[in-house]
Amino acid sequence: MSKRFPTASGPSQRQLRVGELIRRTLSDVLNRAEIHDPELNAMSITVGEVSCSPDLKVATVYVMPLMGSVPVEDAIKALARNKAELRHRVASELTLKYAPDLRFRPDETFDRLDETRRLFSDPTVQRDLEKPDEDT
């Protein structure tokens with residue numbers, strides 16, 4: 001489960017479902033270059049996850065440029081510049097009472113994945129993993 005949700009019980013099924021619908025919609029819009037910003041359309045951006053607030057009025061979108069083509073800060077600035085148009089596209093696809101406010105953040109899960117791989121390749125950890133359990 002993601003650590004991006006502040007409640008102890010985690011997100012509700014509705015939050016997860018709406019977040020996934022927003023993620024798919026934004027991915028499609030960015031993939032088809034439907035936004036009228038040549039700078040944004042020139043970027044290849046992946047939308048990793050969308051987490052919604054409990055009232056579904058705020059959606060935090062975690063993005064990362066593909067293959068490090070542009071700095072993540074530039075991608076977030078371009079997305080923030082076009083937030084109104086992206087919000088309009090999301091609202092037209094979803095049947096919600098309110099169109100969620102989109103907030104863009106860098107997706108750091110790939111960095112954590114690399115750190116985890118590095119830790120598992122450490123010889124000390126490998127040695128501990130190869131030890132038979134003494135309880136069995």
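Only the coordinates and a few stated rules stand behind these numbers; no lab work does. All figures in this text were calculated on a predicted structure; none of them were measured in a lab. Cβ atoms come from the backbone with ideal geometry, glycine included; neighbour counts cover every protein chain shown.
Taking other residues whose beta carbon is less than 15 angstrom from the beta carbon of PRO123, and scoring Lys, Arg as +1 and Asp, Glu as -1, yields +1. What percent does the relative contact order of the chain come to when contacts are Cα pairs within less than 8 Å and at least six residues apart? After rounding, I find 21 percent. Summing Lys, Arg as +1 and Asp, Glu as -1, what charge do residues with Cβ under 13 Å from the Cβ of LEU40 carry, LEU40 excluded? Combined, the nearby Lys, Arg, Asp and Glu give 0.
Across the range 36-42, computed HN-Hα scalar couplings (Karplus, 6.51 cos²θ - 1.76 cosθ + 1.60, θ = phi - 60°) run 8, 9, x, 5, 5, 5, 7 Hz from first to last residue, x flagging Gly and Pro. Each residue in THR46, THR124 was given a count of other beta-carbon atoms within 10 angstrom of its own, and listing them fewest first yields THR124, THR46. Among the listed values [x] 10.3; [y] 11.3; [z] 7.0, the one computed from these coordinates for mean projected area of the Cα convex hull in nm² is [y]. Rounded to the nearest 20 debye, the dipole size of the range 13-108 about its Cα centre is 380 debye, using +1 on the Cβ of Lys and Arg and -1 on the Cβ of Asp and Glu. In a Gaussian network model over the chain where Cα atoms closer than 10 Å are linked, find which of GLU115, GLU34, GLU73 has the largest mean-square fluctuation. Between GLU115, GLU34, GLU73, it is GLU115 that shows the largest mean-square fluctuation.
Within 10 Å, count the other beta carbons around each residue, average over each peptide in 102-111, 49-58, 18-27, and list them highest first. If you can, show how the numbers build up before the last one.
On the way: 102-111: 15.8, 49-58: 17.4, 18-27: 18.9.
Top to bottom by mean Cβ count within 10 Å: 18-27, 49-58, 102-111.
Lys-Lys pairs in the chain that are eight or more residues apart or on separate chains and whose Cα atoms lie under 20 Å of each other come to 4.
Within the range 13-108, what percent of beta bridges assigned by DSSP are antiparallel, to the nearest 5?
Details: 7 of 13 bridges.
Approximately 55 percent, going by the DSSP bridge assignments.
When shorter helices are ignored and each DSSP H run of at least 4 residues is given -39500 (n - 2.57), the per-residue value for the chain at 222 nm works out to -14000 deg cm²/dmol.
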